[in-house]
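To keep things clear, I will list the structure first and then write my remarks on it.
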Amino acid sequence: MSRSPLSGALLLLVQWIAVDETAFVETTTMPMAPSLPPWQRIAEEPWAREVILGLAGRFDERAARADIGRLAEASATLARLKTPLNVVAWYFPVEIDPTWAEAQSLAPLLATLPRPLWISVYDSTNVGPDILVQGLMKWLPADVGVFFQDGVGVHAREPRIARHYAAVLSFHLGKDRVRIIAEAFRPQVGGGFRSATIDELRPQLASYAGYHVYLFDGPHYLSDALVGQISAAQAARGIPAR
């Protein structure tokens, strides 16, 4: 996590506080990581005045989907822990896309988790926003919000198309229930990913004006120099970065 605050950023989204049964907070319910994040220091940062706290997940998506019952149970326990953070909402970090036919089995499990609660959604097969939201509306509880992963970083779509997805989701679910995850990376020649440049990010973020936007992800792709460039670009447009 960068110490350099984004201009206007007040909210931090933490992907998870436990992954593959290793906790990054103090707990007696599972093994803890050898070194924990400096939560007290993070809580004092201007960009973490409010925190959406990710709960229990797995690095491997298939493994996570196959173990949603245990992850939900662990998440409910983790959500009761006290931390120095000002937690304003929770995030259940098992990602949803149209290929997951059993996604509806999440509904009763999400009911066991605290509110406000968010999940994340992406469109890996380009079914389009209408089919994507129709699938969600069949089972997603009405009080659970959606982080839409824009797919721009993996070149799945252009920012203007990602905004259209957000607009369709907002129309059906309500704008208060939809936020955008802006992928701050791009494919790297030779394989893997690199940080997006400011010239790549500027039009991406500008396309999402009017929405809450979260850059993914800080530890890997947001250097202090890039954060400064984003801050300047957002400040010039009068748009708070998150």
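The values are calculated or read from the model by the stated rules, or taken from the named source; none is laboratory data. What you see is a predicted model; the values in this text were computed from it and never measured. Glycine also receives a Cβ, built like all others from the backbone with ideal geometry; neighbour counts cover every protein chain displayed.
The table below gives the values:
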item: Check on residue 53, crowded, with 21+ Cβ neighbours inside 10 Å, of a type in the set (A, V, I, L, M) and either more than 19 Å from residue 24 (Cβ to Cβ) or at pLDDT 95 or above (or both); result: yes
item: Unmet requirement for residue 149, which otherwise passes all of (1) surrounded by fewer than 20 Cβ atoms within 10 Å (Cβ to Cβ); (2) out of contact with any helix residue (DSSP H, G or I) (no Cβ under 8 Å at 6 or more places or on another chain); result: (1)
item: Residue in the stretch 217-235 that is closer than 20 Å to residue 163 by Cα, of a type outside the set (Lys, Arg) and within 17 Å of the chain's Cα centre (by Cα) present; result: yes
item: Scan of the stretch 187-208 for residues that are in contact with a helix residue (DSSP H, G or I) (Cβ under 9 Å, 6 or more places away or on another chain) and either at positive phi or part of a strand (DSSP E or B) (or both), ordered by number; result: 193, 194, 195
item: The lone exception for residue 118 - which of (1) touching a Gly at 6+ places or on another chain (Cβ under 6 Å); (2) outside any strand (DSSP E or B) it fails; result: (2)
item: Meets criteria (at pLDDT 95 or above, within 30 Å of residue 139 (Cβ to Cβ) and small (Gly, Ala, Ser)) for residue 196; result: no
item: Check on residue 16, under 21 Å from residue 214 (Cβ atoms), touching a Lys or Arg at 6+ places or on another chain (Cβ under 8 Å) and crowded, with 18+ Cβ neighbours inside 10 Å; result: no
item: Meets criteria (modelled with pLDDT under 95 and under 15 Å from the mean Cα position of the chain (by Cα)) for residue 12; result: yes
item: Helices (runs of 4 or more DSSP H) (entirely within the stretch 13-114) containing at least 3 residues that are more than 18 Å from residue 144 (Cα to Cα); result: 39-43, 61-66, 68-79
item: Output for the stretch 157-189, where each listed residue is among the small types (Gly, Ala, Ser), over 25 Å from residue 227 (Cβ atoms) and either modelled with pLDDT under 95 or surrounded by 17 or more Cβ atoms within 10 Å (Cβ to Cβ) (or both); result: 170
